[in-house]
Amino acid sequence: MDSTTTRDRAGGDAARDARHAVRAARPTRPLPGARRPDGAVPAARPVRPVVTELRLSAFRSHRGAVFPIGPLTLFTGPSGSGKSAALQAYEALAGLGAGAALDTVFPDPGACVPEGAPADAQGRRGFRVGCTTDGPAGPVRLDLAVQAEPRLRVVGERLTGGDGRTLLATALRDPGRRSVHAEWYTSGPAPATRAPLPDDRLATALLPLRVAGKDDGQLRVLAAAEQTLMALRSVFACDPRPSLMRAPVAPVEGRLRRGCDNLAEVLHRTRADCARRHARLVALARAGCAGPVRGVDAETLPDGTVRALLVRHAAGDGGPGPGAGRGAGRPPGAGTGAVGGFGGAAAGGVGGGAVRGVGGGAVGGRIAGTPLDRLGDGELRYLALGLVLLTGPGVLAVDQPAEVPGPMQALTVLADGFDRGLDARQAHELTALAAAICADGHMRLIGAVGETGAGAARACPGATVVDLTP
């Protein structure tokens, strides 16, 4: 069989297969045959699959690195210690789990090879990454070996159960073919099923549409693969770009993008969706932005574009008095009728005298406040990250598997430079909000921080600090 035929059979529908590979898992069903020595069925595992460990065996500046991943994990260390590399590896694994091709998630594969790593006799160099997930199927390890030179391809992949059993293994048998040899565990007459799979995709992402599930062994392979894909797939990489956030934007419905350049449009569209969530955003702005803050709003300009602004005083209020600073001015809610610091003159805090009605007062038909384009870079990043934490998959530009029930999913936010441009108070407030949001299990955050953010994280219960200082 020639390489073209092999590729047609093994990888012709790889992208389609990977996009539809995650199926509804069995959250409370024990693995087939899983019993304690006393014969009792073990208690159900956590319903929501999550990544608990990131391994960088050989990736950029990392060799043999194993990092714990909790609900809120912040990497810290000096410049060049590998903070951004850890987030890059996680994002790449997530992309592969969602069905992306290898060259999409590793656009510069040569840069991922550890510096000084020698080539083998055939001139090949590469890198290795992996992770561990936990959930209904128990602990599951995924390890991936990638050849970066002379041509990008997967040369080995292994999926391992918590008992050490290999559930899937792939290997490059013939460098002339665009496929790898794959074997997955079965408990029937044959100990394994063998087939070629494409060398530019994650084999684990292809298993749900390749494994029949006819015996307990295949069911176990499916459970492990599905858990790994669900834990990896929903990722939102966020890096707010203040230079792009200041201009008014067209009111086109869309989800918040990676650079948060459409923050004003998203805020304009979602600010009235949940009063409680918006109240928390206003409270965050009040705690971390200079001057008095009565609300966070968005208004439509005469040319039809939308801009966001901080509402500085309530309807009928002449404005803040002399000496107003961060947290100064009137006490929260005084004279505004606000509930929890949200809204303007209206009871319940929604529609308080403002045009389009959330967060403050109006003067001459226009909301009285400070446009966000007048704020500093740190304040803009602070507000954007706060909005990310207080929204979710329906608002963020993230590939959420529609075939998996929402309660079984956990969105992971990747925030490189989480504390960039923030002062100590802002870092403390944002970290505390992240810890509170991540505690309920529906959202997780992995970030990279400097000294300011590391100090805030160490003082915050629920935060995991990974120090990469040599």
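Using amide H atoms built 1.01 Å from N in the peptide plane, name the residues 5+ places from residue 180, or on other chains, whose amide H lies under 5 Å from its own.
197, 199
Relative to the present Cα-Cα distance, how much length would full extension add between residue 111 and residue 373 at 0.36 nm per residue of separation?
Working: separation 262, 0.36 × 262 = 94.32 nm, distance 3.63 nm.
Taking 0.36 nm per residue and subtracting the Cα distance, the gain is 90.7 nm.
At 0.36 nm per residue, minus the direct Cα-Cα distance, what do residue 124 and residue 192 gain on full extension? Give it in nm, one decimal, please.
On the way: separation 68, 0.36 × 68 = 24.48 nm, distance 2.95 nm.
Full extension from residue 124 to residue 192 adds 21.5 nm.
Might you tell me the accessible area per residue for segment 146-287, computed with a 1.4 Å probe and given in Å²?
Numbers: 5640 Å² over 142 residues.
Using a 1.4 Å probe on heavy atoms only, each residue of segment 146-287 averages 40 Å².
Round to a whole number: what % of the accessible area of segment 212-315 belongs to carbon and sulfur, probe 1.4 Å?
Working: 1850 of 3660 Å².
Roughly 51 percent, rounded to a whole number.
Would you mind counting up the charge near residue 416? Only other residues with Cβ under 10 Å from its Cβ, with Lys and Arg at +1 and Asp and Glu at -1. Provide the component values of the computation, followed by the final result.
Numbers: positive: 83, 420; negative: 91, 239.
Result for the local shell: 0.
Length gain on complete extension for the stretch residue 183 to residue 423, per 0.36 nm per residue less the alpha carbon to alpha carbon distance? Walk me through the numbers on the way to the answer.
On the way: separation 240, 0.36 × 240 = 86.40 nm, distance 5.25 nm.
That works out to 81.2 nm of additional length.
Which residues does a label at residue 173 reach in segment 185-207, if reach means a backbone N under 16 Å from a point 7 Å past the Cα toward the Cβ?
185, 191-199, by backbone N distance to the label point.
Please list 215-222, 181-188 highest first by mean number of surrounding beta-carbon atoms within 10 Å per residue. Write out the running numbers ahead of the final one.
Working: 215-222: 21.2, 181-188: 18.8.
Taking the mean over residues of other Cβ atoms within 10 Å, the ranking is 215-222, 181-188.
Less than 11 Å Cβ to Cβ from residue 381, Lys/Arg counted +1 and Asp/Glu -1: what total charge do the surrounding residues give?
Overall, the nearby charge balance is -2.
Nearest 0.05, what FRET efficiency do residue 84 and residue 303 give at R0 = 60 Å with Cβ-Cβ as r? Mind showing how you got there, number by number?
Numbers: r = 39 Å, r/R0 = 0.64.
The computed FRET efficiency comes out at 0.95.
What spacing in nm lies between the two simple spin-label points modelled at residue 104 and residue 469, each 7 Å away from Cα in the Cβ direction?
4.0
The values are calculated or read from the model by the stated rules, or taken from the named source; none is laboratory data. Because the structure is predicted, anything quoted here is derived from the model rather than measured. Cβ: placed from backbone, ideal geometry, glycine included. Neighbour counts: every protein chain shown. These accessible areas exclude ligands, DNA and RNA; they are computed on the full protein's heavy atoms, side chains included. Shrake-Rupley method; radii C 1.70, N 1.55, O 1.52, S 1.80 Å.
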